[in-house]
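Dropping the structure in here first, questions after.
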Amino acid sequence: ENMSPISIPPPKCLQKPMVIPHRHMFGPGPSNVPARILEAGAKPVIGHMHPEIFEIMNDIKSGIQYMFQTQNKMTLAVSGTGHTAMECAIFNAVEPGDSVLVAVNGIWGERAADMAERIGVNPIGARVNTIVAPPGGYLTNADIEKALSKHRPVLFFLTHGESSTGVLHPMDGIGELCHKYNCLFLVDSVASIGGAPLCMDQQGIDILYTGSQKVLNAPPGTAPISFSERACEKTFNRKTKPVSFFLDLSWLANYWGCDDKSSRVYHHTGPVTAFYTLRESLAVLAEEGLENSWIRHQNVAEYFHASLENMGLKLFVKEKHARLPTVTTIIAPHGYDWKEITGYIMKTHNLEISGGLGPSVGLVLRVGLMGCNSSKANVDMVLVALKDALKHCHKSKV
Ligand code: PMP
């Protein structure tokens, strides 16, 4: 009789080799990872508390300070994706009962509001106060000031690059408005940083975060974040502990050498391979220079947008200055099924573009050209694929 405790056999699927296709990653993320960054990830794994890793983490910190244009000491990368940084920002800055205001101009505001509601903010009804912009539009400073003076929030959330609608939100004067009402200004730059101008210190941003897999062209899994003095003051004078141990800023600050303690203690095992790739991606950005990168993304986007309009397609964001240079939203071509278009392009051209997300589902096609993917040659490739899809996909007569 078989007395083996093993009743689940080794899975057959794991005997097959893993095959990953090369693919043009022109959706809203992740973007393609260049060989130089992939190779950085193939370096040996060493201890997450070894001095060489601390040095890499310090380099990452400097790279983020450059990318964000900030002198904040409290600058680090969270282990996780953009969502992890969102929760890190909100869970540290906000305590139960605090008033929070969220600008909703797409899905990211909706999600930020959901996260804040989980803490139990705004005691009456525990709902987060929101100001909502129409999809494809944005809020004026007058809208924002009205809401700030009404709700007196401790934190105001705004998405700089709304990847679900393709809107680049104007930023001028919002930091000053927040500070006038004694409110922290939290900005999501996951889809925009490096590809569109944003300067944390100059623009009065108190908490800024991004992800690794968009303009930076690193694999997903780390999320740069920075806290101003003002944000640290609020965070470190809380009456209650943040709801997350993993994202507790006092722990993260120590692991990243951002506090005044002379030694770092174990908090969690840092994803060292992801640190190598993040460091390399920041080195690539520093080599090109932020301003050169902004200009390149802007030029490529303008070329793309003009070409789309020449084809007879319409852009979802009407005002040119509010078009995100990294992620373009095209109004779903009339008479077509958008899923057939994205499916056809994936199958025939080995190229990812995507449909809408949240409030833009069914309304748009989204094309992301971020970091190394932002080039006129790639625009031409997308245009060929789109023209081919419009010729071959089913078009209804109605
Ligand atoms: N914010 C914005 C603006 C985004 O585009 C994304 C990713 N599409 C996120 C947040 C969430 O990032 P992640 O998928 O890395 O968790």
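The values are calculated or read from the model by the stated rules, or taken from the named source; none is laboratory data. Keep in mind the model is a prediction, meaning the values are calculated, not measured. Every residue, glycine as well, gets a Cβ built from its backbone with ideal geometry; the counts of neighbours run over all protein chains shown.
Among residues belonging to the stretch 97-122 that are closer than 20 Å to Tyr181 by Cα and part of a loop (DSSP other than H, G, I, E, B), point out the one that is nearest to the ligand (Cβ to nearest atom).
Across the stretch 97-122, the extreme among qualifying residues is Val121.
Would you pick out the residues in the stretch 210-266 that are of a type in the set (S, T, N, Q) and either surrounded by fewer than 22 Cβ atoms within 10 Å (Cβ to Cβ) or within 15 Å of the ligand (Cβ to nearest atom) (or both)?
Residues of the stretch 210-266 of a type in the set (S, T, N, Q): 210, 212-213, 217, 222, 226, 228, 235, 237, 240, 244, 250, 254, 262-263.
Answer for the stretch 210-266, where residues must be of a type in the set (S, T, N, Q) and either surrounded by fewer than 22 Cβ atoms within 10 Å (Cβ to Cβ) or within 15 Å of the ligand (Cβ to nearest atom) (or both): Thr210, Ser212, Gln213, Asn217, Thr222, Asn237, Thr240, Ser244, Ser250, Asn254, Ser262, Ser263.
Under 8 Å between Cβ atoms, at least 6 apart or on separate chains: pull out the pairs that start in the stretch 369-396 with a residue that is surrounded by fewer than 17 Cβ atoms within 10 Å (Cβ to Cβ) and end on any residue that is acidic (Asp, Glu).
His394/Asp337; His394/Glu340
Which of the residues that make up the stretch 48-86 are in contact (Cβ under 8 Å) with a residue 40 or more places away in the chain, in a loop (DSSP other than H, G, I, E, B) and at negative phi?
Across the stretch 48-86, the qualifying residues are His48, Met49, Thr70, Gln71, Asn72, Lys73, Thr81.
Specify which of the listed residues (Ser262, Ser244, Ser212) is assigned to a loop (DSSP other than H, G, I, E, B) and at pLDDT below 95.
Ser262
Taking Asp201, is it surrounded by fewer than 23 Cβ atoms within 10 Å (Cβ to Cβ), part of a loop (DSSP other than H, G, I, E, B) and away from the ligand (no atom under 16 Å from the Cβ)?
Against the criterion (surrounded by fewer than 23 Cβ atoms within 10 Å (Cβ to Cβ), part of a loop (DSSP other than H, G, I, E, B) and away from the ligand (no atom under 16 Å from the Cβ)), Asp201 qualifies.
For the stretch 26-39, how many residues are out of contact with any Pro (no Cβ under 7 Å at 6 or more places or on another chain) and either part of a loop (DSSP other than H, G, I, E, B) or crowded, with 23+ Cβ neighbours inside 10 Å (or both)?
Number of matching residues: 8.
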